[in-house]
1. Which FRET efficiency, nearest 0.05, do Q134 and D218 yield, Cβ-Cβ r, R0 35 Å?
2. Considering every Cα-Cα pair within region 37-100, what fraction, in whole percent, is farther apart than 14 Å?
3. Quote the charge dipole size of the chain about the Cα centre in Debye, to the nearest 20; the model charges only the Cβ of Lys and Arg (+1) and of Asp and Glu (-1).
4. Please find the FRET efficiency linking R83 to S142, where r is the Cβ-Cβ separation and R0 is fixed at 25 Å, and quote it to the nearest 0.05.
5. Would you report the distance distribution of C-alpha pairs in region 145-200 as whole percents per 5 angstrom bin, up to the bin with the largest distance?
6. What FRET efficiency, computed as 1/(1 + (r/R0)^6) with R0 = 41 Å and r the Cβ-Cβ distance, is obtained for E113 and A63, rounded to the nearest 0.05?
7. Along the positive direction of the dipole of region 1-130 (beta-carbon charges: Lys, Arg +1; Asp, Glu -1; about the Cα centre), which of A109, A88, L15 reaches farthest?
8. Any idea what the dipole of region 1-140 comes to, in debye rounded to 20, about its Cα centre with Lys/Arg Cβ at +1 and Asp/Glu Cβ at -1?
Amino acid sequence: MSSFIVSLENVGLTLRSGAGEVEILKSISLDVAEGEALALIGPSGSGKSSLLMVMGGLERASAGRVTTLGHELNDLGEDALARLRRGAMGVVFQSFNLIPTMTALENVAVPLELAGAPDAAARAEAQLAAVGLQGRAGHYPSQLSGGEQQRVALARATAPRPRLILADEPTGNLDSATGAAIIDLLFDLSAEHGATLILVTHDPELAARCDRVIALRDGRIDDMAGRPAQTRIGQRA
């Protein structure tokens, strides 16, 4: 059995726009090991967020093969993809993506309830406590600061104990101090659950906390820019 939790083979992504087709990703091959923390870096428009979305089945590759959590994603329908993400994958977005009409507790409980967890409310409450928000469970997103909203998003992503966490610029809308606290939580939670972490970032210091760094440029892996991170598994800052 492969030890790779994500495997990409000659993956391409082409999207339609008003000006015609745009090639976003070009012949990308990449393997991500179980338990690894991987950073995707590169300038704006390099394709790093699109690559993350392809890995999670949130965008379908136009060419090549994407295997995530043992499933070839292009073989799965939308319902099967949703079940896969619900059970074994946590996604954290820059824009938080909380449901505005639900409290913090309800937002965290949603994926647990969809997965059929009988103790969804209790687990959601425990995960909110793990991110320091035990006193904010009954608050709605509009009543929370940006940092608190991202903590709720982290709790929601990690409450189901996923094997894979995908994070797309999770500190992009936060000030530096709040962002640093969120990143500490992200690494702590992924380590606690033994999850693989794939992180999109513009921050080279944040990227260096991962086990490996992949740089993208113009939709391709920039081999000249790739380098091992300074911090190894079990020794993260």
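All of the numbers you see were taken from the coordinates with simple rules; none came from a lab. For clarity, every value in this text was computed on a predicted model and none was experimentally measured. Every residue, glycine as well, gets a Cβ built from its backbone with ideal geometry; the counts of neighbours run over all protein chains shown.
1. Working from the Cβ atoms, E equals 0.15.
2. When every Cα pair of region 37-100 is considered, 63 percent fall beyond 14 Å.
3. Taking the Cα centre of the chain as origin, the dipole is about 100 debye.
4. That pair, R83 with S142, gives E of 0.25.
5. Spelled out bin by bin, region 145-200 gives 5, 20, 35, 25, 12, 3 percent.
6. It comes out at approximately 0.65.
7. L15
8. Roughly 280 debye, rounded to the nearest 20.
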